[in-house]
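Before any comments, here is the structure.
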Amino acid sequence: MLPLAGVRVLDLSNVLAGPFCAYQLALFGAEVTKVEHPEGGDLARRLGADKDAAARNMGASFVAVNAGKRSITLNLKDPRGKAILLDLVRDADVLVENFRPGVMDRLGLGYDQLSETNPALVYCAISGFGDEGGLSSRPAYDQIIQGMSGVMSVTGDAQSAPLRVGYPVSDTVGGLTAAFGICSALVDARASGQGRRLDVSMLEATLATMGWVVSNYLNAGVVPEPMGNENFTAAPSGTFRTGAGLLNIAANETRQFENLCDVIGRPDLPRDGRFSARHTRKQYRGELKTEIEAALAADTAANWEARLLARGVPVGRVLSVPEILAHPHLAERRFIREFETAQGEAPQRVTRAGLRLSDADAAPTSPAPALGAHTREVLAQLGYDAARIDSLHHDGVI
């Protein structure tokens, strides 16, 4: 069994941070029920590169983080919709939402109200800036957080910075932080019978992952600067041009540096006064990179990669997303899962968790659901008969 088997999660979130959080819980066995508005549901259903899929409310952005979940539709502004949510909360362990702070309270569905229905409920609210503070009422998207957190200021080089990271890193980190917090709170809730509310700030979650950069400023007074593909902790450590292709080299230790120089035919470099010590290699990193790239120009990135790995030098070619997804290593580890969908539609392909368990597979068991695909099933489990369900549908409650 997966570690979260038997845990029931209500996912009221939209787009990415919240859905990514709930997706991690689903991958580890939780029963995740996605609660969406009857009119359109999660905005991510209409996002992604495949416009035809987006037109069917099954956009690629939605598929990425919603496989393995059930979907029901509820109008939470209708008293009957609220009543149904309360019925669901009675048997739930976790509720995840990423509305602006105060929205759920105004609906009468905040933590204080829901904990009266289920004292053991772990309630996780994800927002851009958290519940309190001068920024708390601001709307927030990933790029806003990347810019305000300082991430963009250290991404790129002196000419190109500030740059956003090429994927929604703050949304993703916010979701991971929330999932970790939920699992921690569940341990206590199972032991004590008392849940709690989690206040996840995407801004703070992002800053918390910038440990070395933040610590260098807080404890050493060093203002971080954009260094492009260079590693501020060591040299030679960064991206290097070869005769064909780019190669990341991380010769962070002296022995690795010496082996690198031997392989590229420059055993003299470690004896050069500029490069003989760790601190001077960082000081003269530009000159060192010029010398190394001149040698690397004699062959391809793939060939250098093989030779350097054989000598224990940490290296890796710079690959595109299609190249790494097609790599046989990921196929051997069954990282991509494929699900057949409705006739005539392309199969859904999604990723499993970023780790493997010794005795189970942390991967989705079903494709991302159609909007409201499980509404009738879930309501029937709550004891609603067919006539009542039909009436709720007629009135737009579901």
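Does VAL313 satisfy the condition of being more than 24 Å from ALA53 (Cβ to Cβ) and among the β-branched types (Val, Ile, Thr)?
yes
Could you check how many residues of region 83-99 are farther than 21 Å from ALA185 by Cβ and crowded, with 18+ Cβ neighbours inside 10 Å?
Final tally of qualifying residues: 1.
Please list, ordered by first then second residue, the pairs with beta carbon atoms under 6 Å, 6 or more apart or interchain, first in region 148-175 and within 18 Å of ASN216 (Cα to Cα), second surrounded by 20 or more Cβ atoms within 10 Å (Cβ to Cβ).
SER149/LEU203; SER149/THR206; MET152/GLN146
So ARG349 clears everything in (1) under 30 Å from ARG266 (Cβ atoms); (2) of a type in the set (D, E, K, R); (3) in a strand (DSSP E or B) except one condition, right? Which one?
Just one mismatch for ARG349, condition (1).
Name the residue that is surrounded by the fewest Cβ atoms within 10 Å (Cβ to Cβ), counting only residues in region 257-278 that are within 12 Å of ALA235 (Cβ to Cβ) and over 35 Å from the mean Cα position of the chain (by Cα).
ALA277
Look through ARG317, ARG311, ARG307 and report the one residue that is touching a residue at least 60 places away in the same chain (Cβ under 8 Å), of a type in the set (Lys, Arg) and surrounded by 13 or more Cβ atoms within 10 Å (Cβ to Cβ).
Of ARG317, ARG311, ARG307, the one residue that is touching a residue at least 60 places away in the same chain (Cβ under 8 Å), of a type in the set (Lys, Arg) and surrounded by 13 or more Cβ atoms within 10 Å (Cβ to Cβ) is ARG317.
Determine the pairs where a residue that is of a type in the set (Lys, Arg), located within region 254-272, has a partner that is assigned to a loop (DSSP other than H, G, I, E, B) with Cβ atoms under 8 Å apart, the partner being 6 or more residues away or on another chain.
Correct list of pairs: ARG255/GLY312.
Yes or no: GLN146 surrounded by 22 or more Cβ atoms within 10 Å (Cβ to Cβ) and either at pLDDT 95 or above or outside the structural domain of ASP188 (by TED's automatic domain parsing) (or both)?
It is true that GLN146 is surrounded by 22 or more Cβ atoms within 10 Å (Cβ to Cβ) and either at pLDDT 95 or above or outside the structural domain of ASP188 (by TED's automatic domain parsing) (or both).
Please name all residue pairs, on different chains or six or more residues apart, with Cβ atoms under 9 Å, provided the first residue is in region 187-203 and is over 15 Å from PRO119 (Cα atoms) and touching a residue at least 12 places away in the same chain (Cβ under 8 Å) and the second residue is among the β-branched types (Val, Ile, Thr) and not in a helix (DSSP H, G or I).
ASP199/ILE126; VAL200/ILE126; SER201/ILE126; MET202/ILE126
Would you say ALA363 is in the same structural domain as TYR23 (by TED's automatic domain parsing), among the aliphatic types (A, V, I, L, M) and part of a loop (DSSP other than H, G, I, E, B)? Walk me through how you get there before you give the answer.
Details: in the same structural domain as TYR23 (by TED's automatic domain parsing): yes; among the aliphatic types (A, V, I, L, M): yes; part of a loop (DSSP other than H, G, I, E, B): yes.
For ALA363, the condition - in the same structural domain as TYR23 (by TED's automatic domain parsing), among the aliphatic types (A, V, I, L, M) and part of a loop (DSSP other than H, G, I, E, B) - is met.
Determine whether MET58 is assigned to a loop (DSSP other than H, G, I, E, B), among the aliphatic types (A, V, I, L, M), modelled with pLDDT under 95 and not assigned by TED's automatic domain parsing to the domain that holds GLY383.
Spelling it out, it is not the case that MET58 is assigned to a loop (DSSP other than H, G, I, E, B), among the aliphatic types (A, V, I, L, M), modelled with pLDDT under 95 and not assigned by TED's automatic domain parsing to the domain that holds GLY383.
When you scan region 233-247, how many residues do you find that are closer than 18 Å to SER276 by Cα and part of a loop (DSSP other than H, G, I, E, B)?
Of the residues in that region, 4 qualify.
Quick one: how many residues across region 196-227 are over 23 Å from the mean Cα position of the chain (by Cα) and over 22 Å from ALA277 (Cβ atoms)?
Residues that pass the stated criteria total 10.
With the requirement that a residue be free of Cβ contacts under 8 Å to residues at least 40 places away in the same chain, part of a loop (DSSP other than H, G, I, E, B) and touching a helix residue (DSSP H, G or I) at 6+ places or on another chain (Cβ under 9 Å), what does region 132-147 give you?
ARG138, TYR141 - these are the residues of region 132-147 that are free of Cβ contacts under 8 Å to residues at least 40 places away in the same chain, part of a loop (DSSP other than H, G, I, E, B) and touching a helix residue (DSSP H, G or I) at 6+ places or on another chain (Cβ under 9 Å).
Which number in (1) more than 30 Å from THR73 (Cα to Cα); (2) touching a residue at least 12 places away in the same chain (Cβ under 8 Å); (3) among the acidic types (Asp, Glu) marks the one condition that ASP395 misses?
Here ASP395 clears every test but (1).
Taking region 116-140 on its own, how many of its residues are of a type in the set (Ser, Thr, Tyr) and surrounded by fewer than 18 Cβ atoms within 10 Å (Cβ to Cβ)?
Number of matching residues: 3.
Does any residue in region 363-380 that is charged (D, E, K, R) come within less than 7 Å, Cβ to Cβ, of a residue that is outside any loop (DSSP other than H, G, I, E, B) six or more places away or on a different chain, and which pairs are these?
ARG376/ILE389
Being part of a loop (DSSP other than H, G, I, E, B), at positive phi, out of contact with any helix residue (DSSP H, G or I) (no Cβ under 7 Å at 6 or more places or on another chain) and not aliphatic (A, V, I, L, M): is that true of GLY166 here?
Here the answer is no, as GLY166 does not meet what is asked.
Quick test for you: out of ILE324, ILE389, pick the one residue that is under 30 Å from CYS261 (Cα atoms) and either hydroxyl-bearing (Ser, Thr, Tyr) or in a helix (DSSP H, G or I) (or both). Full working, then the answer.
On the way: ILE389 fails: under 30 Å from CYS261 (Cα atoms).
Testing whether each residue is under 30 Å from CYS261 (Cα atoms) and either hydroxyl-bearing (Ser, Thr, Tyr) or in a helix (DSSP H, G or I) (or both) leaves just ILE324.
For (1) small (Gly, Ala, Ser); (2) in contact with a Lys or Arg (Cβ under 6 Å, 6 or more places away or on another chain); (3) in a loop (DSSP other than H, G, I, E, B), each residue gets a yes or a no:
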position	(1), (2), (3)
LEU4	no, no, yes
VAL9	no, no, no
VAL32	no, yes, no
ALA49	yes, no, yes
VAL63	no, no, no
ASN66	no, no, yes
ILE72	no, no, no
ASN75	no, no, yes
VAL89	no, no, no
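The values are calculated or read from the model by the stated rules, or taken from the named source; none is laboratory data. These numbers come from a predicted model, not from an experiment. Glycine also receives a Cβ, built like all others from the backbone with ideal geometry; neighbour counts cover every protein chain displayed.
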